[in-house]
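Everything on this sheet refers to the single structure shown next.
The values are calculated or read from the model by the stated rules, or taken from the named source; none is laboratory data. This structure is a prediction, so every number in the text was calculated from the model and none was measured. Don't worry about glycine lacking a Cβ; one is built from the backbone with ideal geometry, like all the others, and counts go over all protein chains shown. Just the protein is used for accessible areas: all its heavy atoms, side chains included, with ligands, DNA and RNA removed. Shrake-Rupley method; radii C 1.70, N 1.55, O 1.52, S 1.80 Å.
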Amino acid sequence: MKEVSFIRQNMEKWKALESVVDTAGTQHPSRLADAYTEITTDLSFSRSHYPRSRITIYLNNLASALHHLLYKNKKESGSRIGRFWTTEIPAVMYASRHELLYSFLLFLVSAAIGCLSTLNDDLFARLILGNGYVDMTLQNIADGNPMGVYDSMSPLPMFFMITLNNIRVAFVIFIFGLLTGFGTGTVLFYNGVMIGVFQTFCIQQSVGMESLLALWLHGTLEISAVIVAGAAGFAIGNGWLFPGTYPRGYAFRQGAKRGLKIVVGTTPIFIIAGFIESFLTRHTETPDVIRGALILFSLAFVLYYYIYLPKRFNHGISQT
């Protein structure tokens, strides 16, 4: 990109950031942190491509001034790891809000396709879930234990197997973003179809409510984390396909860094979901009201952490 184009495309933003620096005493710390990130990103690009330019000096001075304001007499408010979960993940999720929306919509559409396909084709469930799984589920229903699959092995080995597999799937979804997002979309689509097929099949067998309570007891966290991992994969793909004002390679690297943070952030969610699936889901005798309350609590957490908290940080009303 020519220097004049770089300046023309970003000048208005820099003027706004100058205003933030000039009024730093009245700005919320999170707004200052966001401004610092924007300035240093542009400075890094300018240093790489126009090292002797006056615009590089200008951005360096602007970044230095804001750095001084941010870190002057700063008191650490917890460990680096703690800040990663409480600050960095919400910030990166806000930056990836569009990718998260794409991931959610793709999963929703694919689940609907799985549902409709199962309703219109009696053999579709066997095609997607496999004959062995379908026959096992039918036998469990006949035995009066429709969700017996969750009680098929000891809790602890099941926990490790499920958790490691889910984390592996999340990283596969992320890495497949290297295929410009097409690979990520393919994995998301398949997982969405599976959910739609399984849920519809259970409804057809008159165990719909039991399957809803059993599946979503752990699935609220698990499926949500899969969708979030999809946003990580799309972050890479978008960096490559839609670089904006930056060179494609630079935008791709930034998208990869953003996506990596997102997918790492799903790890605790998968651990908790794996624990619930291995130790709690098997207890189908638990009152429906308790299981329903746990599902709603999980949903509230997901909406708070991945939707509300990022917006709150962006609007400068987060806690410090």
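Span-like helix check, the chain: qualifying full DSSP H segments, with Cα axial length of 18 Å or more and mean Kyte-Doolittle of 0.5 or more, are 54-71, 97-120, 155-175, 182-204, 208-241, 288-303.
Can you check how the C-alpha radius of gyration of segment 115-268 compares to 2.2 N^0.38 Å, as a plain ratio?
Working it through for segment 115-268, the quotient is 1.23.
Only protein heavy atoms count here; on that basis, with a 1.4 Å probe, Asp34 has an accessible area of about 50 Å². To the nearest 10, the accessible area of Met153 is 70 Å² with a 1.4 Å probe.
Between Ile81 and Leu178, the modelled labels are 2.9 nm apart [label points 7 Å from Cα along Cα→Cβ]. What number comes out for the charge environment of Leu188, summing +1 per Lys or Arg and -1 per Asp or Glu over other residues with Cβ under 14 Å away? Surrounding charge for Leu188 is -2. Within the full protein context, the accessible area of Ile223 is estimated at about 20 Å² for a probe radius of 1.4 Å.
By the helix-only formula, in which each DSSP H run with n ≥ 4 contributes -39500 (n - 2.57) and the sum is divided by residues, the chain has a 222 nm mean residue ellipticity of -24500 deg cm²/dmol. Note on the chain: Cα-only Rg and Dmax are 23.6, 77 Å. Relative contact order for the chain: 24 percent, from Cα pairs under 8 Å spaced at least 6 residues apart, divided by residue count.
The GNM of the chain, with springs linking C-alpha atoms under 10 angstrom apart, assigns the highest mean-square fluctuation among Phe275, Phe242, Phe171 to Phe242.
The distance between label points at Phe279 and Leu296 comes to 2.5 nm (points 7 Å beyond Cα on the Cα→Cβ vector). Between beta-carbons, use under 15 Å as the cut-off and find the net charge around Gly177, counting Lys and Arg +1, Asp and Glu -1. Combined, the nearby Lys, Arg, Asp and Glu give +4.
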